[in-house]
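**Student:** Sending over a structure as structure tokens; questions will come in a sec.
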Amino acid sequence: EAKREGRNRAASFNWSLKERFNRVHEIETGLRRALDGGELKLLFQPIVNLDGGHIDACEALLRWDHPVLGPIPPSEFIPIAEGMGMIEAMTGWVLREACAAAVSWPGDVRIAINISPASLKSSELPANVIAALLESGLPARRLELEVTESIFLDNSGQTNAILRELQRIGLRLALDDFGTGYSSLSYLRSYRFDTLKIDQSFMAGVSANVEDRAIVRAIGNLARDLNMDTVAEGIETTDQLAHAREAGFTNVQGYLFSRPVPRERIAELIAAGPLDGSERPDPMPRRR
Ligand code: C2E
Ligand code: MG
Ligand code: MG
Ligand code: MG
């Protein structure tokens, strides 16, 4: 009996490995076509100032609707794009699209773009950034690049040089998903990050756990003393919003204010004025 169960489990394990292999393969072939064929889309999510509700920035988030497999999350296709050496081309596309959208927003609203660690090892990144700024006419100070702690695992000095070059161009730098990765405070000393984005897992736990509340407050204090903007991501409830406020965060981002929306809709949201988190609830099912 146990033996048969074991065999069944082994069989289904083999099947899912095969499925997994096929899926990765299909994503790989699809990605080459997607970038040229207009299958990739950018959505934008507002980053709201807690003092007055103004939209300080919008984060660009990639979406890919595969013609056969359906929507594929960036957490799945970006690592595959990195492995294929396609991430530079993809980052270049995101930069151009996002800067072109942002240039029509009011002059104080920034665009935030996620940069994968692999991109920070290539000098193509500064070249892509400069091209996107020149093509769109967007001033460098309105572009913010979001990087994660994992970039500090690279000891080659290459990442370091590229970050400094980007800062020289006048961009803003944000440290994304703070608190989950290779968490060491020493690099807050070596780089002048403009913004700290606390990982959304801390905000997810803030209503239930004193530990998460303590960490959120500590990070809020630290960032304020280091003169950085602080973004609490993944704000879905008014209770989480209250905790972000209490911890002294400058900004919030999450479904409570708006999900990521298309280019036309974000322009309307920006034009409509301050958000306070009491906007009409979104009827769409929540994506987790
Ligand atoms: P991230 O940069 O930390 O982005 C925040 C993620 O949280 C996004 O997921 C966003 O849709 C989601 N989110 C926003 N508000 C809420 C909320 O209230 N509740 C919950 N549960 N989630 C919320 P998304 O769009 O699936 O992106 C996932 C990750 O993929 C991003 O994490 C980022 O690391 C990466 N990514 C997305 N677009 C790009 C891109 O253009 N380039 C690169 N290199 N990475 C990207
Ligand atoms: Mg981000
Ligand atoms: Mg994040
Ligand atoms: Mg994340």
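**Student:** Looking at Ala118, Ala100 in this structure, which one is among the hydrophobic types (A, V, I, L, M, F, W, C) and within 12 Å of ligand 1 (Cβ to nearest atom)?
**Tutor:** Exactly one residue qualifies, and that residue is Ala118.
**Student:** Sticking with this structure for a sec: Mind checking which residues of segment 134-156 are part of a helix (DSSP H, G or I) and over 17 Å from Thr91 (Cβ atoms)?
**Tutor:** Arg141, Arg142, Glu149, Phe152, Leu153 - these are the residues of segment 134-156 that are part of a helix (DSSP H, G or I) and over 17 Å from Thr91 (Cβ atoms).
**Student:** Here is a further query. Among Ile72, Ile113, Ile130, Ile169, which is the only one that is on the phi < 0 side of the Ramachandran plot and within 16 Å of ligand 3 (Cβ to nearest atom)?
**Tutor:** Within the list Ile72, Ile113, Ile130, Ile169, the selection yields Ile113.
**Student:** If you don't mind, another one. Report those strands (runs of 3 or more DSSP E) wholly inside segment 1-117 carrying at least 3 residues which are modelled with pLDDT of 90 or more and surrounded by 14 or more Cβ atoms within 10 Å (Cβ to Cβ).
**Tutor:** Of the strands (runs of 3 or more DSSP E) lying wholly inside segment 1-117, those with at least 3 residues that are modelled with pLDDT of 90 or more and surrounded by 14 or more Cβ atoms within 10 Å (Cβ to Cβ) span 40-49, 55-66, 110-114.
**Student:** Taking the conditions exactly as written (of a type outside the set (Asp, Glu) and in contact with a Ser or Thr (Cβ under 8 Å, 6 or more places away or on another chain)), does Ser136 satisfy them or not?
**Tutor:** no
**Student:** Could you tell me which of the residues Pro126, Pro117 is closer than 26 Å to Glu97 by Cβ and within 16 Å of ligand 4 (Cβ to nearest atom)?
**Tutor:** Exactly one of Pro126, Pro117 is closer than 26 Å to Glu97 by Cβ and within 16 Å of ligand 4 (Cβ to nearest atom), namely Pro117.
**Student:** Something else: Could you grab me the full set of residues in segment 228-255 that are assigned to a loop (DSSP other than H, G, I, E, B), near ligand 1 (Cβ under 10 Å from one of its atoms) and surrounded by 22 or more Cβ atoms within 10 Å (Cβ to Cβ)?
**Tutor:** Hits for segment 228-255 are Glu233, Ile235, Gln253, Gly254.
**Student:** Further question: For Ile130, which of the numbered conditions (1) closer than 22 Å to Ala247 by Cβ; (2) in a helix (DSSP H, G or I) fails to hold?
**Tutor:** Looking at each condition in turn, Ile130 falls short on (1).
**Student:** Continuing with the same structure: Taking into account only those residues within segment 118-127 that are in a helix (DSSP H, G or I) and among the small types (Gly, Ala, Ser), which is surrounded by the most Cβ atoms within 10 Å (Cβ to Cβ)?
**Tutor:** Filtering segment 118-127 for residues that are in a helix (DSSP H, G or I) and among the small types (Gly, Ala, Ser), the one surrounded by the most Cβ atoms within 10 Å (Cβ to Cβ) comes out as Ser119.
**Student:** Tell me, yes or no, whether segment 178-185 has at least one residue that is among the polar types (S, T, N, Q), away from ligand 3 (no atom under 16 Å from the Cβ) and over 29 Å from Leu134 (Cβ atoms).
**Tutor:** yes
**Student:** Moving on to the next point. Out of everything in segment 182-203 that is part of a loop (DSSP other than H, G, I, E, B) and small (Gly, Ala, Ser), what residue ends up being nearest to ligand 1 (Cβ to nearest atom)?
**Tutor:** Residue satisfying both the conditions and the ranking: Ser183.
**Student:** Still on this structure: Among the residues that make up segment 200-217, is at least one of them among the acidic types (Asp, Glu) and within 21 Å of Glu146 (Cα to Cα)?
**Tutor:** No, every residue in segment 200-217 fails to be among the acidic types (Asp, Glu) and within 21 Å of Glu146 (Cα to Cα).
**Student:** Suppose we keep only residues that are of a type in the set (Asp, Glu) and touching a residue at least 12 places away in the same chain (Cβ under 8 Å) within segment 194-226. Which one would you say is nearest to Ala57 (Cα to Cα)?
**Tutor:** It comes out as Asp194.
**Student:** Right, here's the next one. For segment 239-279, which residues satisfy the criterion of being touching a Gly at 6+ places or on another chain (Cβ under 7 Å) and modelled with pLDDT of 95 or more?
**Tutor:** Correct list: Leu241, Ala247, Gly248, Phe249, Gly254, Leu256, Phe257.
**Student:** Report the residue count in segment 209-252 for those that are away from ligand 4 (no atom under 16 Å from the Cβ) and either among the charged types (D, E, K, R) or at positive phi (or both).
**Tutor:** Total satisfying the criteria: 12.
**Student:** When you scan segment 168-181, how many residues do you find that are surrounded by 17 or more Cβ atoms within 10 Å (Cβ to Cβ) and either away from ligand 1 (no atom under 16 Å from the Cβ) or acidic (Asp, Glu) (or both)?
**Tutor:** Summing the residues that are surrounded by 17 or more Cβ atoms within 10 Å (Cβ to Cβ) and either away from ligand 1 (no atom under 16 Å from the Cβ) or acidic (Asp, Glu) (or both) in segment 168-181 gives 2.
**Student:** Here is a further query. Thr159 - would you say it is surrounded by 13 or more Cβ atoms within 10 Å (Cβ to Cβ), within 16 Å of ligand 1 (Cβ to nearest atom) and not in a helix (DSSP H, G or I)?
**Tutor:** no
**Student:** A further question on this structure: Mind listing whichever residues of segment 162-179 are part of a loop (DSSP other than H, G, I, E, B) and farther than 13 Å from Leu196 by Cβ?
**Tutor:** Correct list: Gly170, Leu171.
The values are calculated or read from the model by the stated rules, or taken from the named source; none is laboratory data. Bear in mind the structure is a predicted one, so any value in this text is a computation, not a measurement. Reconstructed Cβ throughout: ideal geometry from the backbone, glycine too, with neighbour counts over all protein chains shown.
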